[in-house]
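See below for the structure under consideration.
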Number of protein chains: 2
Amino acid sequence: MIVVPPERLHKLGRDIFKAQGLSHEKAEFLVETLVEANLTGHDSHGAYYFATYSERIKEGHINVNAEPVVVHETPSTAYIDGKYAPGQITAKMLTEVAVAKAKEHMVSAVGAFNCNHIGRIGYYTNWAAKQGVVALFFANVGTPAVAVYGGVGKTFGTNPVSVGIPTGDAKPFLMDYATSVVAAGKISVARAKQAKIPLHWTRDKDGKPTDDPFAYKDGGWLLPFGEYKGYALQLVSELLGAVLTGSKVGIDPDRVPPSTNGIFMIAVDPGAFVGLETFREGVDDVIGRVKELKAEPGKRIMIPGEPEWETKDSRLAEGIPLPEETWEEIVSLAGELGLRVEDY
Amino acid sequence: MIVVPPERLHKLGRDIFKAQGLSHEKAEFLVETLVEANLTGHDSHGAYYFATYSERIKEGHINVNAEPVVVHETPSTAYIDGKYAPGQITAKMLTEVAVAKAKEHMVSAVGAFNCNHIGRIGYYTNWAAKQGVVALFFANVGTPAVAVYGGVGKTFGTNPVSVGIPTGDAKPFLMDYATSVVAAGKISVARAKQAKIPLHWTRDKDGKPTDDPFAYKDGGWLLPFGEYKGYALQLVSELLGAVLTGSKVGIDPDRVPPSTNGIFMIAVDPGAFVGLETFREGVDDVIGRVKELKAEPGKRIMIPGEPEWETKDSRLAEGIPLPEETWEEIVSLAGELGLRVEDY
């Protein structure tokens, strides 16, 4: 592991993307979402993507200059063509529009197609919740990786769901997870660390349980979480994220460009119901009471979002640990773009 | 087991509630939701409730003559005071308002408080999806039954979530489940059948795994499904179903009346995005392709909602099996109300 100060990773990443044609502002935002993923412990959605996105820019899948446009709009909905801009730029627009419309009309729904990979979806719901709205986010991932419940082989992407809910402080309640037992990136991280994985994460190419993180790459697949219940949610993310927005479905064998997201957000202003302040107080009350419950022996009760805040506090202070393989890729990429890592 | 023709159960149930003061129309609807639960295999939410609701009417918790009212409204939202009418009447209003507003303004959000138990939440999302909208439903259940992830003891209700999505035929995609591994009613059914239950459903009063369905009643508790992922969804149903709508939270030790629901529905018209017909075709395409996937040995791939349609077809033809205990309760209740079961 190499430990990198977050500020250093951010500036280096920003300049890596600026060197490939992104505006300063867009590069700042894109890298902000990736470094935030590392800070919150979601290394699978972090600086790991500096190299992957750069590859996609080179191959023409990500159009650094494209501007997403709203193609159809009503007072409380918007339908966005992402124009294959960097996915983060499309997701930022989607979130800002959803929040603004919810604040004006109490509820909104916004979807986007032609959208590249947007990073960690919790980034956007967390941001929306900080603005005082409840945000629900469904995304399909256009790379088959996960079997359906009872099925054999990679069928859908990791199809995440997220719900951000305002609290009384700057740390929203944040549900944010893949509908597979784990995100594919967590297996990449295990491979980079040469670590074994739990048996219920994947099947090998013959459908057998395995603790080898390489078996997934060698024809294996991920499983949906929670048996048929997670499977239903996996399909909901596919149907709302991809089908409703007119994006490519994960099951489609001819998906180009790689790993696109179909994204769909619903935002609700608590003002239509109990009101924002009463809502914040009620959420804090429930969270506070849950935190006071007795835990099982050897366990600790955490609120969704809480592990991320703790990791962020620690990594802001101590730096972001990156596998050497990831860091070397970044150094090599920077070099190709004429940047000297030692200047950062 | 006693096998009862659905029509007989429906007419008997309707007259049981009419005899307690419900209008013909309200009694018809309330019993329709309960018999539909039996027909679709969800016996935990079926005729079992004839006696339970009657008890609550007797105790004054369900007000048979109350009419729910909209207390705050915008073009795309409504906030309903259920007035402790039968929960089904409030949920019907909520669903009808949500669908109508979504059809007019593309997206809507409707919540209700002072709401009695509404039955199976999938009834309402299924109905909405048949009207051509996507419906998301979150409900808290005001009876602590389920531990939080890593916690000890009954904390929240079974807090169900449901998503109904239109397809090309009359059978919507239907995600509909408790955020516990199973609904509490399924344990009651196991008790009535004297059947053992799987070890991961409950803990006994000492926090130990058990296959005894009576251990849950004797100080035990249910577990959330899918570990921390189902737990997050359990909390979302609590925060949106109860806190956002100003309903009683499950964690509150002084809840009266018993087993109320806080209910919250979001409805989306696909017309704001790809359009309803394209959406229906896309959903059918994904479902069709999933059904053609290879299944694991000894397994069968089902679409959420499909087990229910199959059970309904079979029970419409062969009748509804009820545990003798449930049937005897209904017979005794009918007798108290001056109804002769043999007349049905």
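The values are calculated or read from the model by the stated rules, or taken from the named source; none is laboratory data. The model shown is predicted, which means the values in this text are computed figures rather than measured ones. So basically every Cβ, Gly included, is an ideal-geometry build from the backbone, and we count neighbours across all protein chains shown.
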Only residues that are closer than 29 Å to B:PRO307 by Cα and within 11 Å of another protein chain (Cβ to nearest Cβ): list them for the range B:95-106, please. B:ALA98, B:ALA102
Just give me the residues in the range B:269-281 being in contact with a helix residue (DSSP H, G or I) (Cβ under 6 Å, 6 or more places away or on another chain) and surrounded by 23 or more Cβ atoms within 10 Å (Cβ to Cβ), in sequence order. B:ASP269, B:PRO270, B:PHE279
Go through the residues of the range B:180-191 one by one and say whether even a single one is farther than 20 Å from B:GLY41 by Cβ, surrounded by fewer than 23 Cβ atoms within 10 Å (Cβ to Cβ) and in contact with a strand residue (DSSP E or B) (Cβ under 8 Å, 6 or more places away or on another chain). no
Test result for A:LYS312, more than 10 Å from every other protein chain (Cβ to nearest Cβ) and surrounded by fewer than 24 Cβ atoms within 10 Å (Cβ to Cβ): yes
Please verify whether B:ARG56 is under 21 Å from B:ARG340 (Cβ atoms) and assigned by TED's automatic domain parsing to the domain that holds B:SER314, treating the condition exactly as stated. no
If we keep just the residues of the range B:315-337 that are of a type in the set (Val, Ile, Thr) and in a helix (DSSP H, G or I), which is nearest to the other protein chains (Cβ to nearest Cβ)? B:THR326
Among the residues of the range B:189-243, what is the count of those that are more than 24 Å from A:VAL182 (Cβ to Cβ), assigned to a helix (DSSP H, G or I) and either at pLDDT 95 or above or of a type in the set (Gly, Ala, Ser) (or both)? 8
Restrict the check to the range A:251-260 and report whether at least one residue is part of a helix (DSSP H, G or I) and more than 10 Å from chain B (Cβ to nearest Cβ). no
Where residues in the range B:77-93 are away from every other protein chain (no Cβ under 12 Å) and either in a helix (DSSP H, G or I) or hydroxyl-bearing (Ser, Thr, Tyr) (or both), which of them is surrounded by the most Cβ atoms within 10 Å (Cβ to Cβ)? B:ALA91
Residue hits (the range B:111-145; β-branched (Val, Ile, Thr), modelled with pLDDT under 95 and crowded, with 24+ Cβ neighbours inside 10 Å) are B:VAL141
Going through the range B:286-301 in order, the residues found to be surrounded by 14 or more Cβ atoms within 10 Å (Cβ to Cβ), outside any helix (DSSP H, G or I) and more than 7 Å from every other protein chain (Cβ to nearest Cβ) are none
Got a sec? Which of A:GLU55, A:GLU73 is more than 14 Å from chain B (Cβ to nearest Cβ), modelled with pLDDT of 95 or more, over 30 Å from A:PRO304 (Cβ atoms) and surrounded by fewer than 17 Cβ atoms within 10 Å (Cβ to Cβ)? A:GLU55
Go through the range B:284-298 and count every residue that is within 18 Å of A:LYS205 (Cβ to Cβ) and modelled with pLDDT under 95. 2
Matching option when the condition is in contact with a Phe, Trp or Tyr (Cβ under 7 Å, 6 or more places away or on another chain), more than 18 Å from A:GLY262 (Cα to Cα) and buried (at least 19 other Cβ atoms within 10 Å of the Cβ), among A:GLY230, A:GLY220, A:GLY226: A:GLY226
Test for B:ALA242: is it at the interface with another protein chain (Cβ under 7 Å from one of its Cβ atoms) and of a type outside the set (D, E, K, R): no
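What strands (runs of 3 or more DSSP E) completely inside the range A:101-175 contain at least 1 residues that are free of Cβ contacts under 8 Å to residues at least 60 places away in the same chain?
A:161-165
Would you check which residues across the range A:179-195 are free of Cβ contacts under 8 Å to residues at least 40 places away in the same chain and either of a type outside the set (Lys, Arg) or within 12 Å of chain B (Cβ to nearest Cβ) (or both) and list them?
A:ILE187, A:ALA190, A:GLN194, A:ALA195
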Just one listed residue, out of B:LEU30, B:LEU34, B:LEU39, is over 25 Å from B:SER247 (Cα atoms), modelled with pLDDT of 95 or more and outside the structural domain of B:GLY246 (by TED's automatic domain parsing), and it is B:LEU39
Of all residues in the range B:38-53, which are part of a helix (DSSP H, G or I) and within 15 Å of B:ALA178 (Cα to Cα)? B:ASP43, B:SER44, B:HIS45
